[in-house]
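Read-outs throughout are calculated quantities, based only on the coordinates presented, and are distinct from any laboratory measurement. Bear in mind that the values here come from a model prediction, so they are computed numbers and not experimental data. All Cβ positions, glycine included, derive from the backbone under ideal geometry; neighbour counts span all protein chains shown.
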Amino acid sequence: SLRAARQSPRRPPGCPGASEQCVVMHAQVQARAATLRVSTSRFFVGSVSGRLWSSAAAGNPNRTFFAPTRSKRPSGHGRTGWQWQLTRARLDVAVRPETYREELDLKIDLARAHFAGGSVCSTEKNPGEKHKTEIELPRTEVFESLRSHFRMRAEFRVWHEGDDSFLAMFDSDDPRIPVQVETFPMGSEKINELMKKVVTEIRQSETLRKKLFQVNFLTTTTGEAMVSMLYHRRLSEQWETEANAMRDRLGVSVVGRSKKQKVVLGNDFVYETLTVDGLKLKYKQLEGGFTQPNAFISGKMLEWAKSACLFDDAASGDRTGAGVDPGSVVALPRPRRDDFLELYCGNGNFTVALSPLFRKVLATEISKVSVTACKENLVVNSVDNVHVVRLSSEELTKALDEGKQYNRLGEIDLTSFDLQTVLVDPPRAGMGPEVTKFVSRFSRIVYISCNPETLAEDIRALRETHVIARFAAFDQFPYTPHLECGALLVAKE
């Protein structure tokens, strides 16, 4: 549909000229309609074998798909299974295995369209049309998600109607309308199991129910779980007694929160275990802290980032081919002899996985909580070549270029580092001009992005110094418009 929109002489109303942004907007409408019409026989639905599948046979030589290993689940009947059609209003949380590939293809096409050349639609902020340079992309390495039960965390409002209470989300067309949610097919099987049990506990206890407005679930692939309960009142000793009894019955940690109050029953964290190139990596995930919601894709992102640190092309970095046991430990080449810098390191998700590839690692983060969590995860995984420091990118620039001293650096000697590779995982707004200028000094930039549009903007700003060698798509959020991307930029000779 995107290609058809580009070739069509018709333009959306109010969009003069051949504006690429306007074409993309027009294509979104056309493609969504096409998605609803297309026959499921066109979809690739046999992607549960775990084998590498090339789409060249389907007429698309620019994609390689890495499919998850998981058996199909029946949709069920009655009020069990994937029964979102029974809800009384529309929610954009349904799983659609039969159209999964079609929807993912659309997201990839739209993501790549941001790198095309052409005019930019004028806005009040940017009057007049501006020309943007086309960025030539390599083929997309595509990592598919599991089709259902892929989210390890979820948040629900608690709605009270008379003597009844239920978990709710809100109608996409009218956010004021609560919709009762009995099952959540995007959520992990543990989340679905706990949803019913928690609702039963709430209905049976006025102490647990009173002024409860939200319930959050955080689960792991190994079965650990934590339930957070948020209140519009102060929590009493009676609440703690009944919540403790609930905790014993459910076998999970429970955290109660109200204004300026936090009650922890058990732990306020879980430990997630990700398999990365056959190795088991353990991560402490804090209640209320940021975690990657899709554990399967998170592991694939870490594998791709490791490959991108070492290899300039996907073929050399592919370790998923025939004859390779997906659960086996993959032997990587000898570690690089230079050092690695990670900006926005968070709780050390990438830090832990990439540290064995380098002599030394410098990881920066501005959040005190995240710095503490990162250090703990390094200890848990026996990593001893990483220095974590609470510095912004601007402060790091001054420390490296001007020798400015910060007490937070402690005894870290920045002159001892030979930093050649940098990994950035910025927020949706992208790196921005200052950080972009800073990373341009590195010979190798591994960029993880949650916003293809700002990724394209940042890469355009680096086009004079770097070329994009690899491009990846990670379906972190299936059945939604959101797509995570990865890009490897290599300095021009």
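Quick notes on this one:
- FRET efficiency for Ser165 and Thr222, using Cβ-Cβ distance with R0 set to 30 Å, rounded to 0.05: 0.50
- All-pairs alpha carbon distance profile, the stretch 392-450, 10 Å steps from 0, percent: 19, 51, 28, 2
- Available extension along the chain between Glu155 and Arg408 is 87.5 nm, counting 0.36 nm per residue and deducting the alpha carbon span.
- Classified by the C-alpha gyration tensor, the stretch 154-288 has an oblate form. Its axis ratio a/c, with a ≥ b ≥ c, is 1.5 or above, and a/b does not exceed b/c.
- Dipole magnitude for the stretch 341-487: about 120 debye, using +1 per Lys or Arg Cβ and -1 per Asp or Glu Cβ, origin at the Cα centre.
- Using distinct alpha-carbon pairs, which all enter the 1/r mean, Kirkwood radius of the stretch 168-233 in Å: 13.1
- Sorted peptide list for 196-204, 348-356, criterion being average Cβ within 10 angstrom, highest first: 348-356, 196-204
- Shape category assigned to the stretch 344-447 from the gyration tensor of Cα positions, a/c cut at 1.5: rounded
- Placing pseudo-labels 7 Å out from each Cα toward the beta carbon at Ala429 and Arg336 gives an inter-label distance of 2.8 nm.
- Full extension of the chain between Ala315 and Asn267 yields a length gain of 12.9 nm, computed as 0.36 nm times the residue separation minus the alpha carbon distance.
- Taking 7 Å steps out from each Cα toward its Cβ at Arg247 and Arg463 produces label points 5.6 nm apart.
- On the beta carbon distance between Glu376 and Ser440, with R0 = 30 Å, the FRET formula returns roughly 0.35.
- Residues Glu182 and Val369, FRET efficiency given R0 of 41 Å [Cβ-Cβ distance, rounded to 0.05]: 0.75
- Value of relative contact order over the stretch 376-493, rounded to a whole percent, pairs C-alpha under 8 Å and six or more apart: 21
- Of Lys210/Lys259; Lys210/Lys260; Lys262/Lys300; Lys259/Lys375; Lys210/Lys262, those spanning more than 23 Å from alpha-carbon to alpha-carbon: Lys262/Lys300; Lys259/Lys375
- Placing a pseudo-label 7 Å from each Cα along the Cα-to-Cβ vector at Gln238 and Lys398 gives an inter-label distance of 5.5 nm.
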